[in-house]
Amino acid sequence: MGQQFVRRSLRSSCASLLAAALAMLSASEAGAFTADQAAIGRAAFEQNCVTCHGATLRQQPSAILAGPEFVAKWGPRTTGELLSWVGNTMPPDRPGGLSQVEYLGLVSFILQSNGGAPTAQALTPTTNAPIGAGLSAQAAPAVPTPAASAPARPKEPTGDRKSTRLNSSH
């Protein structure tokens with residue numbers, strides 16, 4: 001009877017361990033994109049999407065791409081569905097007009113903007129991970145616009161006596 005108990009306990013422990021490992025694998029798949037893909041996506045977003053979706057990815061009320069609204073809408077769906085939707089509908093003036101690398105990057109950037117963490121595993125067109133796994137549903141940080149990221153220009157001299165005196169003393 002003692003050996004039978006040990007076998008049952010061992011089977012139960014193995015089953016629990018396997019279930020935990022599968023759950024971790026499933027959760028990490030949502031973040032199955034690389035930092036390079038997210039960087040490509042950020043650049044593609046700045047070039048093609050920021051005008052409509054805004055720097056926070058929340059400007060377009062019908063197409064919020066970051067925060068709890070995005071996770072509520074897309075969380076139960078897969079990365080493959082998001083990739084397909086983005087590729088077939090965006091940019092609105094030329095759907096499908098970006099490269100596959102850019103579309104994969106955009107999905108990666110959107111996942112990262114919602115708390116997904118980059119991994120060593122790249123997002124591919126065949127990745128079908130649940131989007132909601134591993135996302136924080138917090139709003140994305142703002143994407144810097146070219147004007148916001150440019151250094152401030154020094155003030156031009158006004159030609160008045162004060163500015164002339166300040167400049168002549170150096």
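For this structure, a couple of remarks:
- Residue-span extension gain [ALA72 to THR119] - 0.36 nm each, minus C-alpha spacing: 14.6 nm
- Linear extension gain, THR89 paired with CYS52, 0.36 nm per residue minus alpha-carbon span: 12.0 nm
- Each residue of segment 98-103 was assigned a 3J(HN,Hα) from its phi angle through the Karplus expression (A = 6.51, B = -1.76, C = 1.60, θ = phi - 60°), giving 9, 6, 4, 4, 5, 5 Hz with x at Gly and Pro.
- Rounded to the nearest 0.05, the FRET efficiency derived from the C-beta distance between ALA39 and SER62 at R0 = 25 Å is 0.35.
- Amide H contacts of THR56: VAL143, each under 5 Å away and 5 or more positions distant or on a separate chain (H built 1.01 Å from N in the peptide plane; Pro and chain starts excluded).
- When the residues ILE64, ILE110 are ordered by accessible surface, computed with a 1.4 Å probe over the protein chains alone, the sequence from largest down reads ILE64, ILE110.
- Residues whose amide H falls under 5 Å from that of THR78, counting only those 5 or more places apart or on a different chain, are ILE131, with hydrogens built in the peptide plane.
The values are calculated or read from the model by the stated rules, or taken from the named source; none is laboratory data. Please read all numbers here as calculations on a predicted model, not as lab measurements. FYI the Cβ positions are ideal-geometry reconstructions off the backbone, even for glycines, and counts take in every protein chain you see. What goes into the accessible areas is simple: the full protein's heavy atoms, side chains included, and nothing from ligands, DNA or RNA. Shrake-Rupley method; radii C 1.70, N 1.55, O 1.52, S 1.80 Å.
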